[in-house]
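For reference, the structure discussed in these notes is given below.
The values are calculated or read from the model by the stated rules, or taken from the named source; none is laboratory data. Every value quoted in this text rests on a predicted model; they were computed, and no experiment measured them. Methodologically, a virtual Cβ is constructed for each residue, glycine included, from the backbone with ideal geometry; neighbour enumeration extends over all protein chains shown.
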Amino acid sequence: MESGHFTSFSSDEIQSVRQDESFVMELQKSAEPIDEQALARLGKKQVLKRRFGFLSIVGFAMAELITWETVLTMFYQSYDNGGPAGAFYGYIIACLSTLSVYTVISELASMAPIAGGQYYWVYMLAPMRWKKVSSYLIGWLTCMAWIAVIATETIFLGTMIEGLIALNNPDFAQQRWQNTLLAWASVAGTFLINVLGPNMLPRFEIFILGLHLVGFIAITVILLAMTSPKKSAAFVFQTSLNGGGWPTQGLSYCVGFIGNIATFAGADASVHMAEEVSNAAIVIPRAIIAGMSLNSALGLSMMITVLFCLGDVDVLGSTGMPFIQVFYNSTKSYIGASIMTAIIMVLTGACSLGIATTASRMTWSFARDQGLPFSRFLKQVNNSTKVPTTSVSVVCVFSCILSLIYIGSDTAFNDVISLVVTGFYCTYFLPSAFLLYHRIKGHILPHGATILNGLPNVPINTFDSTEKSHTTLKRPCPECVHPECDNLRDIGPQVGLEISQPPLIWGPWKLPGILGTVNNIYACTYMLFVLFWSVWPSETPVNYTTMNYSIAVTGGVLILSGLWYFLRARNEYDGPLIDEEIAEIMHLAPGAIPGAVSGMAPPV
């Protein structure tokens, strides 16, 4: 990165940070509530309604992960490549490592709690010359990944319904078109709730949180009480399998590990709800960590339970969903297995509802910054419900179009949705890597430091002298607060800092000192490991039906969006924009927001 764009500060210099009272008072007048004030410092006015508190957003975060439910529905992937021992130990590694990743995401969310999430952070942290293009690519990849998750979850729900029918009617012939219609019905339900009942969402998420916990207890108790005989401890903790036919057991472990990774995909959902959460800079990080920690514990318990209660493994695939057969093997009752499966289906439906909500907020936010075609329409918000109805409609329609692919070929559909893990981790890695760079270099001021018109209010001699750029800056006089005032005064030469890239400031939530740096390093290393193994096929020999096309799909999204950027979007997309009303308050021309204006902290 070019020196001179970012500046290190000593502890003595940091203590000298002071307020500009006229500017702070002016901003307070325009945005009295703390959340609106924080959002204004990110260059945005409050448009959506802040409906969520801590408990409801924790419920939202947990409903998005549905970890113990996903363990049940996906355990067979890690079981097939790695065996029960590989599934168990792999889960523990994935759990702790993913917690490290989401800790970094939480730090970023605390610095800039905004619906755009990753693409905003990339613009905020990237080197000057790469800000626009890298932010644009990450914005597209995040949008497409979330839309793909809607299609994935709804098709998955349709598969469960068909599996339940097959359990109770062995003569039932599953058809892919039926699955797609069931997926469309699920999408229609999520659309209606999002558009017509947005005020119900917080209470609904609290209800789902309760069902999530009660359902876990009920299913775990039933499995442990009714399964006989259970598998031995030696089978669960010491048995390895290589169902993919890999040359070594180590390769099989690594390929099966992706099944455990997918269990935790999408915990950044809360980030994209930031503009609908009260006290978002603190609540969002806490919700992510709380949801991840509690879900991880429940998921580990369920992983142990299902491995002990597998029953006859030779018949697990008879319904198309192995966990349904596990339920029947344990209860020996079609009714009992059906009720247990219905609980998983309700929770999966709630997850798809939250995913559609998240995808629409991400799409709306990117359109607000002119990052998508037809942004003028996509960024519209319904005046009465305060919901981006057009964006909700578009993400639901596109997910239905993706699910049409499933009718022609489930392999082709899996190729499209394969960008979920790879795409998500790409969008996590880039801002995390940039954050690590600034963290090590000492470019980030502590929480509570104040920004003066996009510049840190510190003595001039605190700036690096490398690649000095001497500019006499002006700002409105303190007596005049109107944007049309032409009475400007010099504030003196500023050395070594471009006005478009002021220093960054930590949010109120972060890991302290060396602990945060070590965690950041580990998280980035782990994400590279995940990206490498996420593109491997699940078995050998590899042919067109078993090939993993995630690298092609993810690369395709990046290449196509990159081409569009250079052909047209670079003249339309300038990065995150400052809303016109906020620009008037800050005495700025509307345009791309300075890289670390998002670091502006509440006045001290």
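Of note:
- Lys230 passes every criterion in (1) of a type outside the set (S, T, N, Q); (2) more than 19 Å from the chain's Cα centre (by Cα); (3) at pLDDT below 95; (4) surrounded by 21 or more Cβ atoms within 10 Å (Cβ to Cβ) apart from (4).
- Residues satisfying the stated conditions in segment 218-250, i.e. aromatic (Phe, Trp, Tyr) and outside any helix (DSSP H, G or I): Trp246
- Residue ID - surrounded by the most Cβ atoms within 10 Å (Cβ to Cβ), chosen from residues in segment 390-407 that are over 21 Å from the mean Cα position of the chain (by Cα) and in contact (Cβ under 8 Å) with a residue 60 or more places away in the chain: Ser403
- Verdict on Val458 being modelled with pLDDT under 75, outside any helix (DSSP H, G or I) and surrounded by 19 or more Cβ atoms within 10 Å (Cβ to Cβ): yes
- Being surrounded by fewer than 24 Cβ atoms within 10 Å (Cβ to Cβ) and among the small types (Gly, Ala, Ser) is a property that does not hold for Ala63.
- Qualifying residue in segment 332-353 (condition: among the polar types (S, T, N, Q) and outside any helix (DSSP H, G or I)): yes
- Qualifying residue in segment 251-263 (condition: farther than 23 Å from Glu69 by Cα, assigned to a helix (DSSP H, G or I) and either at pLDDT 90 or above or not aromatic (Phe, Trp, Tyr) (or both)): yes
- Among residues of segment 247-262 that are closer than 21 Å to Tyr425 by Cα and in contact (Cβ under 8 Å) with a residue 24 or more places away in the chain, those with a Cβ under 7 angstrom from a residue that is assigned to a helix (DSSP H, G or I) and of a type in the set (D, E, K, R), sequence gap 6+ or separate chain, pair up as Gly256/Asp80.
- Of the residues making up segment 65-86, none is in a helix (DSSP H, G or I), more than 23 Å from Cys309 (Cβ to Cβ) and touching a residue at least 40 places away in the same chain (Cβ under 8 Å).
- Arg50 meets each of the listed conditions (1) assigned to a loop (DSSP other than H, G, I, E, B); (2) buried (at least 21 other Cβ atoms within 10 Å of the Cβ); (3) not hydrophobic (A, V, I, L, M, F, W, C) apart from (2).
- Among the residues making up segment 361-374, a single one is in contact (Cβ under 8 Å) with a residue 12 or more places away in the chain and more than 20 Å from the chain's Cα centre (by Cα): Gln370.
- Check on Ala281, assigned to a helix (DSSP H, G or I), without any contact (Cβ under 8 Å) to a residue 40 or more places away in the chain and either more than 23 Å from Leu531 (Cβ to Cβ) or β-branched (Val, Ile, Thr) (or both): no
- Listed conditions (1) closer than 30 Å to Val535 by Cβ; (2) at pLDDT 95 or above are all met by Val313, apart from (2).
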